[in-house]
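> Structure in structure tokens, see below.
Since every read-out is calculated from the coordinates, none of them should be taken as a lab result. It should be emphasised that the depicted structure is a prediction, and the values quoted were computed from it without experimental measurement. Virtual Cβ from ideal backbone geometry, glycine too; neighbours counted across all protein chains shown.
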Amino acid sequence: MNEAASENSKTGGLLGAIERLGNKLPDPAVLFIIAMLLTWLVSWWLGGHEFEIPKKGGPETQQIANQLTGAALVQFLMDMVHTFTSFHPLGGVLVALLGVGVAEKSGFIDAVIKALLGITPEVLLTPMLILVGIISHSAADAGYVLVIPLGGVIFYAAGRHPLAGIAAAFAGVSGGFSANFIPSGLDPLLQGITQEGAQILDASREVNPLCNYWFTTASSILIVLVGWYITDRMIEPRLQATEVDGDPDDMPKMEALTAAEKTGMICGGASLFLGLGVLLIFCLPEDSVFRSEGELTSFSAPLMKVIVPLIFLLFIVPGIVHGYVSGRFKSHRDVIKGMSSTMSTMGYYLVMAFFASLFIYSFKESHLGALLAVKGAGVLKSLDLPVQFTIVGIILLCAFVNLVGGSASAKWALLAPIFVPMLMQLGISPELTQAAYRVGDSSTNIVTPLMPYFPLVVAFSQRYVKKAGVGTIISLMLPYSLAFIVLWTGFLLVYWGVGLPLGIGS
């Protein structure tokens with residue numbers, strides 16, 4: 001009876017109800033279809049409605065585009081194939097996983113994880129995983145296709161629940177998207193948009209690309225600590241009642257490494273570091289082909305645009321080396337089999353990605369996202385709240401808009417021309433407004449099924465728990481999301497209140 005009560009306490013409560021309700025929702029692919037149809041209907045209802053978007057050169061008039069006209073539907077069909085094949089996450093996910101698949105099937109990843117577990121205290125696995133997820137932001141979206149699945153692998157190999165590892169990694173990669181102590185291409189991208197917004201009011205106002213650097217660095221510590229506590233004290237105990245019923249042959253084992261595996265790991269690791277060394281040599285010169293105007297981390301830098309191919313190469317090479325040295329691979333056919341095996345598990349994701357791309361296309365073409373952002377900002381402005389409440393309002397509005405929008409830069413391009421000059425008139429710097437946006441934008445990434453990488457997380461989870469669905473992931477990530485938005489918001493207000501610099505030149 002006590003065991004039954006204990007199990008009920010772990011699967012019941014609010015999170016259990018959210019999971020059960022969420023898993024009763026239609027399949028994620030169908031959710032995207034429903035969202036697309038709703039977008040069409042709302043665009044028909046509001047078709048032709050005009051609204052203004054503040055721009056540096058003056059307000060720009062935009063109107064809702066009806067997606068149910070004959071011309072719009074024909075264009076939708078004409079663009080359908082290109083919309084799917086050009087879907088941003090699709091190519092990156094598949095190419096990266098080709099290399100990761102070889103490294104996994106050869107036993108290289110398994111061997112490295114076992115070796116790391118032998119020297120890393122189990123108590124530090126969670127914070128290290130979240131920290132690696134945060135660092136992965138410097139490599140664009142690599143964390144989604146690399147760190148999140150490895151979170152499940154590492155936790156399972158350590159005898160812990162794999163979904164807890166996936167949740168912790170997802171929290172670091174996506175929930176803490178704007179927490180990082182290593183500059184990334186996102187910094188100059190947001191800075192440019194912020195500066196344009198500031199120059200609506202003051203043409204001479206400039207914003208430093210690293211204007212939030214000290215805040216994002218401090219935020220990384222907050223995210224690691226909060227994520228660590230939630231994973232170990234809330235998520236993992238709750239998952240004890242969730243059976244791991246995935247394919248046993250597709251999961252890492254904690255058997256001791258053989259002599260051949262150790263030799264293969266050493267040789268594979270040596271090839272990995274050799275590849276990184278060669279890359280470093282090519283990147284160091286000021287006139288390196290990987291640089292753009294001397295910069296390695298700007299969005300225009302070739303290095304930032306070849307991250308996914310580099311992941312492919314830096315995994316497939318040591319994977320092949322390990323496979324041959326350890327005896328796991330006998331011929332090139334085993335290498336191709338490793339790639340094919342990984343791709344065979346991606347069928348479900350491909351279906352979801354197809355409908356996700358169509359929804360995002362329709363939502364973008366209808367201009368409903370722009371209307372939502374502008375109207376929400378207008379309501380916030382009309383409330384004329386005290387400064388602190390205005391900052392909180394911005395964070396909450398950005399968090400809400402993020403539930404239906406994707407790109408961080410696209411949303412900021414809509415909101416910055418409204419918020420930045422408005423708050424400058426209240427004495428709030430553009431740098432602080434940008435920091436508030438980053439907090440709101442990050443916190444709800446992990447609980448919206450409409451985020452492009454969310455279906456991928458579902459697919460990774462189903463490798464271990466077959467019944468895992470949208471509700472499972474939302475219920476796991478909701479504690480992180482709520483804690484991040486509350487504590488991170490409070491952290492920003494305290495940080496600003498005591499007068500600490502947000503970043504360089506701010």
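> With loop defined by DSSP as not H, G, I, E or B, and exposure as at most 15 other Cβ atoms within 10 Å, which is the longest segment of the chain clear of exposed trypsin sites (Lys or Arg not before Pro)?
Values: sites that count: LYS55, LYS56, LYS253, LYS330, LYS466, LYS467.
Answer from the scan: 57-252.
> Let me ask something else. Which aspartates and glutamates, on any chain, are close to LYS262 with Cα under 19 Å apart, when same-chain ones fewer than 8 places away are left out?
Reachable aspartates and glutamates: GLU104, ASP110.
> Modelling each spin label as a point 7 Å along the Cα-to-Cβ direction, I'd like the LEU284/VAL351 distance in nm, to one decimal.
Placing both labels 7 Å beyond Cα along the Cβ direction yields 5.1 nm.
> Let me ask something else about it. Distance cut-off 30 Å, Cα to Cα: go down the list LYS114/LYS467; LYS114/LYS337; LYS364/LYS466; LYS24/LYS364; LYS330/LYS466 and report the pairs above it.
Working: LYS114/LYS467 28 Å; LYS114/LYS337 24 Å; LYS364/LYS466 33 Å; LYS24/LYS364 28 Å; LYS330/LYS466 32 Å.
Result: LYS364/LYS466; LYS330/LYS466 exceed 30 Å.
> What do you get for the angle between helix 259-283 and the principal long axis of the chain? Use alpha-carbon atoms, 0 to 90 degrees, nearest ten.
Tilt of helix 259-283: around 30 degrees.
> Between ASP79 and LEU403, 0.36 nm times their residue separation minus their Cα-Cα distance comes to what?
Working: separation 324, 0.36 × 324 = 116.64 nm, distance 2.52 nm.
Stretched fully, the ASP79-LEU403 segment lengthens by 114.1 nm.
> For LEU426 and LEU487, FRET efficiency with R0 = 30 Å and r from the beta-carbon atoms, rounded to 0.05?
Values: r = 25 Å, r/R0 = 0.82.
E(calc), rounded to 0.05, equals 0.75.
> Quick one: angle between helix 125-135 and the longest Cα principal axis of the chain, in degrees between 0 and 90, rounded to 10, please.
For helix 125-135, the angle is close to 50 degrees.
> Here's a follow-up. Can you compute the helix-only [θ] at 222 nm over the chain? Use -39500 (n - 2.57) per DSSP H run of at least 4 residues, normalise by all residues, nearest 500 deg cm²/dmol.
Details: 24 runs with 338 residues, N = 506.
Mean residue ellipticity at 222 nm (helix-derived): -21500 deg cm²/dmol.
> Report, in degrees rounded to the nearest 10, the 0 to 90 angle that the Cα long axis of helix 13-24 makes with the longest principal axis of the chain.
90 degrees
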